[in-house]
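Comments concern the structure below.
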Amino acid sequence: MSAIIHLNPDNLQEIFSEYDWIHLNFWHHECGPCINHVNPVLEDLVTNYELPADTAIAKLNVREFDPLRQQFSVKYVPSWTIISDGNYLGLQDGWILSAKKLLAFFTYIKERKARLQKLGLPIIYQEYKISLD
């Protein structure tokens with residue numbers, strides 16, 4: 001079983017170097033959807049789904065660490081980004097109604113990266129507007 005990692009300035013570099021894949025949720029304590037919808041989905045994901053050992057599920061409170069929010073151009077919370085091997089692969093705004101759909105989004109990004117690498121193409125950032133509810 002995995003755990004949700006709460007990122008902060010003190011553990012950021014350690015987490016980024018320890019995991020190959022980081023699925024990062026941007027949130028803040030005054031965001032109703034973050035608390036009422038996203039938190040239960042994340043708990044379901046880390047409790048009921050098997051995640052690879054090189055994968056971290058992380059949260060970052062944008063009120064506590066705004067420079068990272070700005071670095072990733074996050075305009076709304078909740079938002080999701082995926083980081084792999086130091087590369088910022090994508091951003092998805094909004095909440096996700098199930099752990100299964102969240103896992104499908106992560107799988108899509110992972111497969112996309114593998115296809116690009118196989119073709120020798122650069123891995124670039126992309127904003128996703130996928131229906132995740």
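The values are calculated or read from the model by the stated rules, or taken from the named source; none is laboratory data. Predicted model only: the values in this text are computed from it and were never measured. Counting neighbours? That spans all protein chains shown, and the Cβs are built from the backbone with ideal geometry, glycine included.
Pairs under 7 Å by beta carbon, first residue closer than 22 Å to Gly86 by Cβ in segment 42-62, partner basic (Lys, Arg) and surrounded by 12 or more Cβ atoms within 10 Å (Cβ to Cβ), six or more apart or different chains?
Hits for this filter: Val62/Arg69.
Going through segment 99-133 one residue at a time, which ones are surrounded by 10 or more Cβ atoms within 10 Å (Cβ to Cβ), more than 25 Å from His37 (Cβ to Cβ) and at pLDDT below 80?
If the condition is that a residue be surrounded by 10 or more Cβ atoms within 10 Å (Cβ to Cβ), more than 25 Å from His37 (Cβ to Cβ) and at pLDDT below 80, then Ile123, Ile124, Tyr125 are the ones that fit.
What strands (runs of 3 or more DSSP E) completely inside segment 29-132 contain at least 2 residues that are more than 12 Å from the chain's Cα centre (by Cα) and under 25 Å from Gln13 (Cα atoms)?
126-128
Which of (1) in contact with a strand residue (DSSP E or B) (Cβ under 9 Å, 6 or more places away or on another chain); (2) assigned to a loop (DSSP other than H, G, I, E, B) is the odd one out, the single condition Asp10 does not satisfy?
Unmet for Asp10, out of (1) in contact with a strand residue (DSSP E or B) (Cβ under 9 Å, 6 or more places away or on another chain); (2) assigned to a loop (DSSP other than H, G, I, E, B): (1).
Which one is nearest to the chain's Cα centre (by Cα), of the residues in segment 1-23 that are of a type in the set (A, V, I, L, M) and under 19 Å from Lys100 (Cβ atoms)? Give the derivation first.
Step one: filter segment 1-23 for residues of a type in the set (A, V, I, L, M), giving 1, 3-5, 7, 12, 15, 22.
Going one step further and asking which of them are under 19 Å from Lys100 (Cβ atoms), we end up with 1, 4.
Numbers: Met1: 18, Ile4: 11 Å.
Per the stated criteria, the residue is Ile4.
Quick one: Phe65 ticks every box in (1) farther than 22 Å from Ile109 by Cβ; (2) of a type outside the set (D, E, K, R); (3) loosely packed, with under 14 Cβ neighbours inside 10 Å bar one, so which box is it?
(3)
For segment 59-118, which residues satisfy the criterion of being touching a Gly at 6+ places or on another chain (Cβ under 9 Å) and of a type in the set (A, V, I, L, M, F, W, C)?
Matches in segment 59-118: Trp80, Ile82, Phe105, Ile109.
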